[in-house]
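The values are calculated or read from the model by the stated rules, or taken from the named source; none is laboratory data. All values derive from a computational prediction rather than experimental measurement. Positions of Cβ are generated from backbone atoms using ideal geometry, with glycine treated the same way; all protein chains shown enter the neighbour counts. For accessibility, only protein heavy atoms count, side chains too; no ligands or nucleic acids. Shrake-Rupley method; radii C 1.70, N 1.55, O 1.52, S 1.80 Å.
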Amino acid sequence: RSTQGVSSAASDVYKRQVKKPVIGIIGGTGIYDIDGFENAQWVKIESAFGEPSDEFLIGDFAGYRLVFLPRHGRGHKIPPTEINYRANIEALKRAGVDRIISFSAVGSLREDYKPGDFVIVDQYVDRTFAREKSFFGTGFVAHVSMADPVCTTTSEVITKSAKSITLNVHTSGTYLVMEGPQFSSRAESNWYRSIGCDVIGMTNMPEAKLAREAEMAYATVAMVTDYDCWHQDHDDVNTASILEVLQNNSEHAKELIKALVPRLGALQAPFESGAHTSLEHAIATVPEQRDPELSAKLAVITKRVIDNPGW
């Protein structure tokens, strides 16, 4: 089973392999227009797992390379269930990304998590059922740990950055990921509250699981847009009300990106969280039994461990 932290052997080899940090940002189109983002251009990146949501906007900020991906495609044309999460994550890795900030619009399941607030998610409850959730499969099996599903190192950087610009930020929260595309029934919303969930959305699973399999440091900034439908003193959730709050949240998100990039880019991988070495003890299938076709398809994901057998 995977263990928390990074072994010295894995750390030494990783540091010899790693180049200058590349930061991936997944979210809405509105967050890309930030002051100081330079030399930006849209680049098509192929994936062994099909078509990503869109081209990738790649440029420089504060001396670091940023790779933006519109999760739903430009113009919000792909619904949550039909997003090719595997292609998105694998293509980000092909682009050199080793740390990801995921911006996600969510509903609040708590009175004190108000529309306009930001939540640094530390746990998920995955209620999705119609999505491909792993790069691995028959012929090449792996089991990564999801006990601590986000990179704590990255989350700490986000928290410090958010506080430095005085955002209304909550430093922990459990994100219930529903299938969608419909919003919750009132009974569902109240049930999610009763089991201890704090926010609800449709996109961060299997995104977080796949980032862990790809040995990428992943963390979520959940941007509260509404109270779902449980709150009797507020209107039921609808797209128009969400978009109005989301516009304001996007401006705050851009300020957060500007504050966190220099902090996150300055950190040398592998992080103490263990996110960059999560496959070290995860692969179950012995080399002689691995399916050649699937092995080739997984080459970008498994390169570190396959090129360094015995971990």
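When a/c is below 1.5 the answer is rounded, else prolate if a/b is larger than b/c, else oblate, so apply that to the stretch 135-201 with a ≥ b ≥ c taken from the square roots of the Cα gyration tensor eigenvalues.
oblate
In whole angstrom, how far apart do the alpha carbon centroids of the stretch 243-311 and the stretch 164-212 sit?
21
What order do you get for 290-296, 166-172 when each peptide is scored by the mean count of other beta carbon atoms within 10 Å, highest first?
The peptides rank, most packed first, as 166-172, 290-296.
Pick out, in residue order, every one of the chymotrypsin sites (Phe, Trp or Tyr not before Pro) in the stretch 110-160 that is DSSP loop and has at most 16 other C-beta atoms within 10 Å; say none if there are none.
Sites meeting the loop and neighbour criteria: Phe129.
Among Ala259, Tyr227, Leu279, whose Cα lies farthest out toward the positive end of the dipole of the stretch 130-279, if unit charges sit on the beta carbon of Lys, Arg (+1) and Asp, Glu (-1)?
Value: Leu279.
Leaving ligands, DNA and RNA out of it, report the carbon-plus-sulfur percent of the accessible area of the chain at a 1.4 Å probe.
Looking at the chain in its full context, I get 48 percent from C and S.
Using unit Cβ charges (K, R positive; D, E negative) and no other charged atoms, how large, in debye to the nearest 20, is the dipole of the stretch 82-146 about its Cα centre?
Charge dipole, the stretch 82-146, about its Cα centre: 220 debye, nearest 20.
Between Glu288 and Lys133, take the C-beta separation as r, use R0 = 30 Å, and let me know the FRET efficiency to the nearest 0.05.
Given R0 = 30 Å and the Cβ-Cβ separation, E is 0.65.
Quick check on the stretch 21-110: take the gyration tensor over C-alpha atoms, sort the square-rooted eigenvalues as a ≥ b ≥ c, and tell me if it's rounded (a/c under 1.5), prolate or oblate.
Here the stretch 21-110 falls in the oblate category.
When all protein chains stay in place, what accessible area (Å², nearest 10, 1.4 Å probe) is found for Ile195?
Accessible area, nearest 10 Å²: 90 Å².
Averaged per residue, what accessible surface does the stretch 10-138 expose to a 1.4 Å probe, in Å²?
On a per-residue basis, the stretch 10-138 sits at 43 Å².
Only sites in a loop by DSSP and with at most 15 other Cβ atoms within 10 Å count here; which trypsin sites (Lys or Arg not before Pro) in the stretch 63-99 make the cut?
Answer by residue number: Arg74, Lys77.
Per residue, what volume in Å³ does the convex hull of the Cα atoms of the stretch 50-181 enclose?
Hull volume normalised by residue count: 150 Å³.
Hey, what did the chain get for relative contact order, percent, Cα under 8 Å, at least 6 apart?
With pairs under 8 Å counted, the relative contact order is 27 percent.
Using 1/(1 + (r/R0)^6) with R0 = 25 angstrom and r between the beta carbons of Glu111 and Ile195, what's the FRET efficiency to the nearest 0.05?
0.90
Report, in debye and to the nearest 20, how large the dipole of the chain comes out about its Cα centre when Lys and Arg carry +1 and Asp and Glu carry -1 on their Cβ.
900
Take the Cα gyration tensor of the chain, multiply each eigenvalue by 5, square-root it, and list the three semi-axes largest first, rounded to whole angstrom.
After diagonalising the Cα gyration tensor, the semi-axes are 31, 22, 18 Å.
Using just the helices of the chain, give the 222 nm mean residue ellipticity in deg cm²/dmol: DSSP H runs with n ≥ 4 each add -39,500 (n - 2.57), and the total is spread over all residues, rounded to 500.
Rounded to the nearest 500, it is -9000 deg cm²/dmol.
May I ask which of Lys77/Lys297; Lys93/Lys297; Lys133/Lys163; Lys258/Lys303; Lys114/Lys209; Lys133/Lys258 have a Cα-Cα span longer than 22 Å here?
Lys77/Lys297; Lys133/Lys163; Lys258/Lys303; Lys114/Lys209; Lys133/Lys258
Got a sec? What order do Lys258, Lys114 fall in by accessible area at 1.4 Å, biggest, i.e. largest, first?
Lys114, Lys258
Among Gln182, Val157, Gly201, which residue has its Cα furthest toward the positive end of the charge dipole of the stretch 149-252, with +1 on Lys/Arg Cβ and -1 on Asp/Glu Cβ?
Positive-end residue among those listed: Val157.
With every protein chain present, what accessible area does Trp42 have (1.4 Å probe, heavy atoms only), rounded to the nearest 10 Å²?
80
With every protein chain kept in the model, how would you rank Asp228, Asp60 by accessible area, 1.4 Å probe, largest at the top?
Accessible-area ranking of Asp228, Asp60, largest first: Asp60, Asp228.
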